[in-house]
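Scroll down for the structure; my scribbles are underneath it.
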Amino acid sequence: MIGYLKRTIPWVDAETADHEQLITREWLVTNGLGGYASGTVSGVISRRYHGLLVAALPSPFGRMVMLNSVLEYVKFADGSIVQITGEERSACALQMRGACFLTDFSLEMGLPVWRYHMNDVVIEKRVLLRYRQNTVQVSYRIFGKTPVQLDLRPCLNFRPHNEPLNGSGNIVYSVVLLDDFYEISRGLGSPVLRMATQGQGASFVASRTTIEGLIYRVEESLGYEGRENLWSPGYFTVHLSPGNEVILIASTESADVLRALSPNESLSAELSRRNMLLGISRPEMKEGPGAEIVLAADQFVVTPVTRQHDTARINARGDEARTVIAGYHWFTDWGRDTMISLEGLTLLTGRYAEAGWILRTFGTHIRDGLIPNMFPEGMEEGRYHTADATLWFFHAVERYLQVTNDRTTLRFLLPKLLGIIECHMRGTRFGIRVDPVDGLLTQGTKDFPLTWMDAKVGDWIVTPRRGKAVEINALWYNALRLAEGWCRLEGKNREADILSQHADQAKESFNRRFWYENGGYLYDVVDGEKGDDPSCRPNQVLAISLPHAVLDRAMWEPVIKVVAEKLLTPVGLRSLAPGSPGYRPTYFGDIRSRDAAYHQGTVWPWLIGPFIDAWLKLHPGDKRGARKLLDGFLPHLNEACIGSISEVFDAEQPFTARGCISQAWSVAEFLRCWFNTADSQP
């Protein structure tokens with residue numbers, strides 16, 4: 001065993017505990033399929049995405065909330081009853097009354113553990129999702145000499161996890177006892193939830209009820225419907241005594257699958273799997289924050305079971321389907337996020353085979369020279385409105401080949417990559433084409449924002465970047481040079497010479513067109529809808545950071561200086577410099593308010609990766625200085641989603657975490673930078 005990682009969030013007593021933290025700090029466990037369990041530390045549901053089992057089901061279902069929560073009651077011999085967590089009363093109110101006190105919450109090997117004090121006993125609770133199963137098991141142990149009775153009331157409302165809340169009063173559920181499981185469904189064609197408890201004297205009491213009017217505070221703060229009713233079929237009752245364990249199991253898997261492993265075998269297998277992940281990672285990732293983020297990275301690499309057609313086609317070729325969930329809770333797999341994240345999530349963590357599967361999976365989805373921008377929830381086919389995801393594909397292939405030298409995959413992908421370049425040269429969807437006059441890549445349509453700055457509200461594209469965007473052309477030049485090198489490696493010298501000519505033209509034009517003399521940095525867009533755009537944005541860093549830097553070396557220092565002064569924060573780069581027209585310091589409010597701020601100042605953690613790459617190119621001996629740029633992320637591991645890194649942060653102090661609580665490219669780029677700035681790295 002490599003070691004036993006533990007991150008503990010303590011609360012000393014009910015009077016000094018910050019009760020707001022109990023509700024705003026969240027936890028996340030995933031199952032390798034895109035399914036997950038998640039909630040607040042307190043147990044109070046604050047999002048429509050919270051649940052003990054959000055199952056990843058084949059299309060057309062997608063991910064569905066199957067088990068929202070469990071109301072937990074402890075009954076003592078004197079007849080007194082204490083509620084541990086649940087929605088009928090907040091955990092904070094219980095703490096203030098002293099009935100039940102959460103002494104600490106911890107992640108042990110990335111898995112959540114709660115410890116509650118009440119009367120003279122301590123109860124420990126753990127949540128585990130079985131890997132590649134839609135199965136959750138919640139276990140309880142008691143410390144002390146007093147046995148108790150534990151009543152567990154499951155609460156549910158089967159619905160897609162991103163569906164607006166609308167109550168559940170008119171839905172009729174059925175409950176059937178089949179062998180040793182209770183099966184709950186809501187009609188023909190509905191997924192079935194199987195539930196059981198294991199422990200001394202376990203039984204089920206049929207007592208149907210509706211828990212009405214639950215308020216999900218985060219949803220309401222974001223301008224969404226935030227009230228829901230949950231239905232409960234009854235409750236499980238079981239004796240909990242010292243030395244014994246009670247386990248609640250809920251699953252959409254078959255009874256045979258559930259019986260294949262005991263709960264203890266499942267926990268042992270999962271801990272072994274997590275130790276294996278640490279064991280195969282780079283040496284710099286086997287302890288401390290690096291090791292914790294290796295386990296966080298595991299949450300995003302999934303088998304896309306919701307797309308059965310996709311999996312069948314890939315399996316027929318003798319391959320395995322893999323992809324990357326862009327962020328929890330609501331993102332599916334996005335092409336851009338996957339390619340940016342590939343190195344950190346898979347190559348630094350020793351998951352080389354899965355990296356190859358991801359690249360070849362996306363290779364099967366190329367259409368008209370584009371990889372998908374994203375796959376909608378519960379659908380088989382992707383959507384292709386992106387100008388940069390396909391160019392990041394080249395970068396991801398290059399990083400993969402650097403580590404694996406997998407020429408077989410190169411030979412499989414190279415014709416597809418050359419086809420991508422051909423499509424871009426002659427023009428493809430969404431106005432993506434090379435301008436023959438200067439060799440730069442232009443893109444844009446009035447209907448879709450195509451770069452990563454892709455916020456849109458109705459017909460309003462918040463950050464219009466039609467034209468020749470700076471990072472698109474940095475990626476285009478990098479792709480041309482990479483393809484040139486691969487062609488020479490494979491003896492395709494004629495094709496390589498043509499690619500070299502296109503790259504030379506693009507580089508000359510880039511350095512002539514993008515330098516903004518008055519600001520000492522790069523235009524964000526040239527030949528845009530309103531001419532050349534001098535907005536100071538982080539996109540220009542890619543002109544330096546990519547393996548084949550398109551920007552001349554003489555301009556690196558002034559660009560990095562401006563970006564460091566105006567955009568750098570302790571948790572990433574601002575998306576727009578303060579003082580610029582449209583700058584927004586906070587990312588909060590309803591969807592229009594949030595999208596207006598999304599790329600107008602909001603800090604993006606993933607951008608610390610390209611910035612540190614550029615910094616180390618300019619200061620190759622300053623790994624210590626580059627490592628200090630990651631210091632601001634370490635306190636964040638105790639905030640938002642404990643043990644992970646959020647999607648975005650506010651642009652000003654205190655840099656409050658916002659957006660998805662756990663984001664793939666945030667985690668991947670931190671992990672990559674942690675490795676690249678390690679003292680043992682040459």
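Bear in mind that the values in this text are calculations on the coordinates, not laboratory data. Worth saying up front: this structure is predicted, and the values here are computed from it rather than measured. We place every Cβ from the backbone using ideal geometry, glycine too, and count neighbours over all the protein chains shown.
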Taking the convex hull of the alpha carbon atoms in region 6-274, what volume per residue do you get, in Å³?
130 Å³
Under 1.5 on a/c is rounded, so check that first for region 152-233, then, if it is not, pick prolate when a/b is larger than b/c and oblate when it is not; a ≥ b ≥ c are the square roots of the alpha carbon gyration tensor eigenvalues.
prolate
So what J values fall out for region 600-613 if you push phi through Karplus, 6.51 cos²θ - 1.76 cosθ + 1.60 with θ = phi - 60°, rounded to Hz, Gly and Pro as x?
10, x, 3, 7, 10, x, 4, 5, 5, x, x, 5, 5, 4
Sort out for me the Cα centre separation of region 353-408 from region 288-333, rounded to whole Å.
13 Å
HN-Hα J couplings of region 65-73 from phi, Karplus 6.51/-1.76/1.60, θ = phi - 60°, integer Hz, Gly and Pro as x?
6, 9, 10, 6, 6, 10, 7, 10, 10
Derived scalar couplings ³J(HN,Hα) [region 547-554; Karplus, 6.51 cos²θ - 1.76 cosθ + 1.60; whole Hz; x for Gly, Pro]
x, 10, 6, 7, 7, 4, 4, 5
Compare the Cα positions of 596, 677, 582 along the charge dipole of region 567-682 (+1 at Cβ of Lys, Arg; -1 at Cβ of Asp, Glu; about the Cα centre) and return the one farthest towards the positive end.
677
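I'd like the projected area of region 365-426, averaged over all directions, using the convex hull of its alpha carbons. Report it in nm² with one decimal. Walk me through the numbers on the way to the answer.
On the way: hull surface 19.1 nm².
The directionally averaged projection comes out at 4.8 nm².
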Cα centroids of region 182-235 and region 100-166: how far apart, whole angstrom?
15 Å
Taking the Cα centre of the chain as origin, sum charge times position over the Cβ atoms of Lys and Arg (+1) and Asp and Glu (-1), and report the length of that vector in debye to the nearest 20.
800 debye
Can you give the angle from 0 to 90° between the axis of helix 556-566 and the longest principal axis of the chain, with both taken from C-alpha atoms, to the nearest 10?
40 degrees
Pairs of alpha-carbon atoms within less than 8 angstrom and 6+ residues apart define the contacts here; what relative contact order does the chain have, in percent?
11 percent
Which value at 222 nm does the chain reach when only helices count, each DSSP H run of 4 or more adding -39,500 (n - 2.57), with the total divided by all residues and rounded to the nearest 500 deg cm²/dmol?
-9500 deg cm²/dmol
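How big is the equivalent ellipsoid of the chain along its three axes, where each semi-axis is √(5λ) from the Cα gyration tensor, reported in whole Å from largest to smallest? Spell out each step's value before the answer.
On the way: eigenvalues 429, 135, 111 Å².
Largest first, the chain gives 46, 26, 24 Å.
Give me 268, 646, 580, 241 ranked fewest to most by other Cβ atoms within 10 Å of their Cβ, as a rough exposure proxy.
Numbers: 268 12, 646 25, 580 15, 241 18.
The most exposed by this proxy come first: 268, 580, 241, 646.
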Taking only the alpha-carbon positions of region 567-682 as identical scatterers, the Debye log10 I(q)/I(0) at q = 0.11, 0.23 Å⁻¹ comes out as -0.35, -1.25
Expressed as a whole number of Å, what is the distance separating the alpha-carbon centroids of region 502-529 and region 238-287?
54 Å
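Measure up 416/617; 416/446; 6/145; 75/145; 561/623 against 20 Å on the Cα-Cα distance and list the ones that go over.
On the way: 416/617 31 Å; 416/446 28 Å; 6/145 27 Å; 75/145 15 Å; 561/623 17 Å.
With Cα atoms farther than 20 Å apart: 416/617; 416/446; 6/145.
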What Kirkwood radius, in Å to one decimal, follows from the Cα pairs of region 483-559?
13.9 Å
Which of the aspartates and glutamates could a cross-linker bridge to residue 492, judged by Cα under 17 Å and excluding same-chain residues fewer than eight apart?
422, 484
Extension gain (nm, one decimal) between residue 426 and residue 124, 0.36 nm per residue minus Cα-Cα:
102.4 nm
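In a shell of Cβ-Cβ distance under 11 Å around residue 428, excluding residue 428 itself, what net charge do Lys and Arg (+1) and Asp and Glu (-1) give? Before the final figure, lay out the partial values.
Details: positive: 367, 426, 429, 433; negative: 368, 422.
Taking every other residue near residue 428 into account, the sum is +2.
How would you order 41-54, 131-144 from highest to lowest mean count of nearby Cβ atoms within 10 Å? If you can, show how the numbers build up before the last one.
Working: 41-54: 24.5, 131-144: 20.5.
Sorting 41-54, 131-144 by mean packing, highest first, produces 41-54, 131-144.
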Just to be sure I understand the curve: with the Debye formula and one point per C-alpha of region 281-408, what is log10 I(q)/I(0) at q = 0.15, 0.17 Å⁻¹?
-0.68, -0.87
